[in-house]
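Participant: Handing you a structure now.
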Amino acid sequence: MIEIFVRPSTATQRATVMLEETGLEYRAIHVPLGSKDEAFWATGSRGRTPALVDHDTTDGRPLALTQSNAMLFYLAEKSGKLIPADPRARARCYEWMMMLATDIYPVFAAVYWMSWKTPEPDIEEAAWFEDRTIAEYEAFDRHLGQNEYVAGGEFSIADIAGYPPAVLGLVDLPALRRFHNLRAWVDRIGARPKVKAGMAATGEGRPAGLIASRS
């Protein structure tokens, strides 16, 4: 059995969608902001979600894991699912996983902080991060115009990594809505029953990326 500590956030949604898609047995434990739950903190979570504990390991010892993308890789290897078998497709999957994690999500998180969470934001600096976010999603949109899924022709962990932030981005950043390939991909991923279940598993509340993950 896998236990996962959750609250509404895009990072947590990655992990719960992955658990649903792999079919691994899990239990979601909801922890509010500021929770002092000892089991939650014992995972090394530093008060942030998601935090996962796998009680069904090969060596019989529980494994605690934080960082949603690390969970995607771990659960893919554990289940034997959602990492392309073809070396070229697998390399493309890893490439876009890193691009999403390092080039897209951090700049969008900066836009969120500076535009909606900072009492007196620096307008010029916020605009720079917004322009950078749009440029990165434009590149992603071009890629999706030539590929049904992020890694090519099959659904993979790269789609799971990119989907929750894209959903939030299309809500909070209207300029992204002109990217028709991005919107079609979001609709395609969002129509999957297990993706719907995973998105709902984090509980009610508006996901807010890094913000909702903080203690």
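Each value in this text was obtained by applying a stated rule to the coordinates, not by laboratory testing. What you are looking at is a predicted structure, and each value in this text was computed from that prediction instead of being measured. Cβ atoms come from the backbone with ideal geometry, glycine included; neighbour counts cover every protein chain shown.
Participant: Please state the shape class of region 40-148: rounded when a/c is under 1.5, otherwise prolate if a/b exceeds b/c and oblate if not, all from the C-alpha gyration tensor. Before the final figure, lay out each step's value.
Facilitator: On the way: a/c = 4.54, a/b = 1.33, b/c = 3.40.
Cα axes put region 40-148 in the oblate bin.
Participant: What is the magnitude of the charge dipole of region 76-210 about its Cα centre, with +1 placed on the Cβ of each Lys and Arg, -1 on the Cβ of each Asp and Glu, and no other charges, expressed in debye to the nearest 20?
Facilitator: On the way: 16 positive and 19 negative charges, 158 e Å.
Computed charge dipole of region 76-210: roughly 760 debye.
Participant: Along region 186-202, what does the Karplus equation 6.51 cos²θ - 1.76 cosθ + 1.60 (θ = phi - 60°) give for ³J(HN,Hα), rounded to whole Hz, x for Gly and Pro?
Facilitator: Those phi angles translate into 4, 5, 5, 5, x, 7, 6, x, 6, 5, 4, 5, x, 5, 7, 5, 7 Hz.
Participant: Then there's this: Between K81 and W128, with labels modelled 7 Å along Cα→Cβ, what's the label distance in nm to one decimal, could you check?
Facilitator: Those two pseudo-labels are separated by 4.4 nm.
Participant: Which residue, A28, M98, A11, has the largest displacement toward the positive end of the dipole of the chain when charges sit on each Cβ (Lys, Arg +1; Asp, Glu -1)?
Facilitator: A28
Participant: Each residue of region 3-14 in turn: what ³J(HN,Hα) in whole Hz from Karplus with 6.51, -1.76, 1.60 and θ = phi - 60°, glycine and Pro shown as x?
Facilitator: 3J(HN,Hα) across region 3-14, in whole Hz: 9, 9, 8, 9, 7, x, 6, 5, 5, 5, 4, 3.
Participant: Just need the relative contact order of the chain here, percent rounded to a whole number, with Cα pairs under 8 Å and 6+ apart.
Facilitator: Numbers: 325 pairs, mean separation 73.8, N = 215.
With pairs under 8 Å counted, the relative contact order is 34 percent.
Participant: What is the packing order of peptides 89-96, 174-181, taking the mean over residues of other C-beta atoms within 10 Å and listing the highest first?
Facilitator: Details: 89-96: 18.2, 174-181: 14.5.
Ranked by mean Cβ neighbours within 10 Å, highest first: 89-96, 174-181.
Participant: Something else: Grab the Cα-Cα distance for H143 and E120, subtract it from 0.36 nm times how many residues apart they are, and report the gain in nm with one decimal. Walk me through the intermediate numbers first.
Facilitator: Details: separation 23, 0.36 × 23 = 8.28 nm, distance 3.61 nm.
Answer, rounded to one decimal: 4.7 nm.
Participant: Once both labels are modelled 7 Å past Cα along the beta-carbon direction, what's the E154-A197 spacing in nm?
Facilitator: Computed distance between label sites E154 and A197 equals 2.1 nm.
Participant: Considering the dipole of the chain built from charges on the beta carbon (Lys and Arg +1, Asp and Glu -1) around the Cα centre, which of G169, F73, A200 is farthest to its positive end?
Facilitator: The one lying farthest along the dipole's positive direction is A200.
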